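Heads up, the thing below is written out as structure tokens.
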Amino acid sequence: MSERKATGDRAESIACRFLQQRGLVLLARNFHCRRGEIDLIMRDDDSLVFVEVRYRQQIRFGHAAETVSKTKQGRIIHCARVYLSQTRGWNEPARFDVVSIEGNPEKINIEWLRDAFRVDG
């Protein structure tokens, strides 16, 4: 496993625990489709939550959450549609959240951006 993949997996685990401590329930992790991946799919009461996890050790080139570009959002939205088509039973609200993790393992800052972006149209 590459160092980058291992770091990403650690960040996703941190984000998952953080959200679970706030009452969300994990439904799927690393859901893949042809055009991309969704890091975490969770349930928050009656809402389905698609979570993108972003990690930056240093912020000199920008904050982690700022790296979720329109292109990345489009890939996540596409994967969410694939997930919904495969699970067919979900008729509740859905949203897209971003969990931003910054810092080194000894001292991290976690920011949870609920409803960070929306489907256009």
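The values are calculated or read from the model by the stated rules, or taken from the named source; none is laboratory data. Just so it is clear, the model here is predicted, and its values are computed rather than measured. We place every Cβ from the backbone using ideal geometry, glycine too, and count neighbours over all the protein chains shown.
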Study note, to complete from the structure: Taking first residues from the stretch 45-67 that are among the aromatic types (Phe, Trp, Tyr) and second residues anywhere that are at pLDDT 65 or above, the pairs with Cβ under 6 Å that are 6 or more apart or on different chains are Phe50/Ile38; Phe50/Ile41; Phe50/Ala80; Phe50/Phe96; Tyr55/Ala11; Tyr55/Ile101
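Going through the stretch 102-121 one residue at a time, which ones are over 19 Å from the mean Cα position of the chain (by Cα) and part of a strand (DSSP E or B)?
Of all residues in the stretch 102-121, those over 19 Å from the mean Cα position of the chain (by Cα) come to 104-107, 121.
Selection gives Asn104, Lys107.
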Check your understanding: Is there a residue in the stretch 73-94 that is among the small types (Gly, Ala, Ser), in a strand (DSSP E or B), closer than 18 Å to Ala11 by Cβ and out of contact with any Pro (no Cβ under 7 Å at 6 or more places or on another chain)?
Key -> no
